[in-house]
Amino acid sequence: MKLYSLISAMFLLPFMVVSQEFNFAVDVKAPTLQTADPRIFEELKNKVTELLNNRRWSDETYNDYERIKGNLNITITNELNATTFAGEISIQAIRPVYGSTYETPLLNHIDKEFIFQFESTTPVIYSENVYNDNLTSVLAFYMYYILGLDHDSFALYGGDIYYQRAQEIINSLPSEFAQDQKSGWSSKANGRNRYYMIENILSPRTRPYRKALYEYHLKGLDLMSKNAEEGKVGIVGALKSIETVNSDYPNSMIVQMFANAKAQEVTEIFAVADRNQKNDVYRIMTTIDPANRNKYTPIRR
């Protein structure tokens, strides 16, 4: 059970206790396909929703209000044959902020290397340490990765077990997926796929990044309802650690993923701050996310 539930459990006994970790909204679209039966995509949506939200992904017990909310959108762009499709996944996950109704993004990511097989008569089931198909492997990978991010945000290095499970999915892949540079799993690709998400997050060089996730959330955002200035100090400290990781591990995928998730939030928080904080935060965010420099203009005002 997570830290904030321990603090408030005595006041929340009437809330329903569940086992499942996720409460995801799923959507499947195929805007450019003319040949496929649209009913197959509705069936895919229903089966993916059931897998994400009804399967137990950990041994922990979650209260209903603790379930990790998010969105997973599959956009199918190509029908390779009657049962094989190509497209992309857009996935967002959020975390509640203690003492408020605000929810902070943990992940905001688009995966453009997604090829999978699906038949309406085939169940969508994931089995630990067994490769069934690419669809369930990709979905399970993201569920474990999100659990890792969520636990890192509540406890220092708390996500280890879940990142390791995501790594085990990669280890169990058939060689044709592990070596195919267009599969989204290959170590020979351009450093921007699922392999590198795990390589980055588990690398000793990025250990300060995971500490920064903890400090940003638990020692930053979670303090802001009680003491906004103290919370901002915690966030600035976390951003400085991420800047260090960006310097020690240039072009790492996870630093860009952090910026993708947090750019708007950081900008809104530090649009009102003292000048030193504004200068530090603007410098850091434009250093780690130079392609989106214009997003951070409000910080300088």
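The values are calculated or read from the model by the stated rules, or taken from the named source; none is laboratory data. Treat the numbers as computed from the prediction; the structure is a model and nothing was measured. When we count neighbours, we look across all protein chains shown, and the Cβ atoms used for this are built from the backbone with ideal geometry, even at glycine.
Here are some notes:
- Subset of the range 97-132 that is among the acidic types (Asp, Glu) and touching a strand residue (DSSP E or B) at 6+ places or on another chain (Cβ under 6 Å) - its residue that is farthest from Arg67 (Cα to Cα): Asp111
- Criterion (free of Cβ contacts under 8 Å to residues at least 12 places away in the same chain and farther than 25 Å from Asn251 by Cα) met by exactly one of Glu119, Glu176: Glu176
- For the range 167-181, the candidate set comprises residues that are under 17 Å from Leu135 (Cβ atoms) and not β-branched (Val, Ile, Thr); within that set, the residue that is surrounded by the fewest Cβ atoms within 10 Å (Cβ to Cβ) is Glu176.
- Of the residues Lys226, Lys240, the single one that is touching a residue at least 60 places away in the same chain (Cβ under 8 Å), over 30 Å from Glu113 (Cα atoms) and either of a type in the set (D, E, K, R) or in a helix (DSSP H, G or I) (or both) is Lys226.
- Those residues of the range 77-96 which are under 30 Å from Tyr65 (Cα atoms) and among the β-branched types (Val, Ile, Thr), in sequence order: Ile89, Ile91, Ile94
- Among the candidates Gln264, Gln277, the residue that is of a type outside the set (Val, Ile, Thr), surrounded by fewer than 18 Cβ atoms within 10 Å (Cβ to Cβ), in contact with a Lys or Arg (Cβ under 8 Å, 6 or more places away or on another chain) and assigned to a helix (DSSP H, G or I) is uniquely Gln264.
- Enumeration of residues in the range 280-292 that are part of a helix (DSSP H, G or I) and within 25 Å of Asp111 (Cβ to Cβ): Met285, Ile288, Pro290, Ala291, Asn292
- Candidates in the range 101-127 are the residues that are in contact with a Ser or Thr (Cβ under 9 Å, 6 or more places away or on another chain) and outside any strand (DSSP E or B); of these, the one that is nearest to Ile269 (Cα to Cα) is Tyr102.
- The residue that is surrounded by the fewest Cβ atoms within 10 Å (Cβ to Cβ), among those in the range 57-90 that are among the β-branched types (Val, Ile, Thr) and assigned to a strand (DSSP E or B), is Thr84.
- Filtered residue count, the range 175-205, keeping only those that are within 23 Å of Ser241 (Cα to Cα) and either at pLDDT 95 or above or out of contact with any Asp or Glu (no Cβ under 8 Å at 6 or more places or on another chain) (or both): 11
- Ser90 being modelled with pLDDT of 95 or more, under 30 Å from Gln264 (Cα atoms) and of a type in the set (Gly, Ala, Ser): yes
- For Gly220, the criteria (1) closer than 16 Å to Arg95 by Cα; (2) modelled with pLDDT of 95 or more; (3) surrounded by fewer than 23 Cβ atoms within 10 Å (Cβ to Cβ) hold in every case but one, which is (3).
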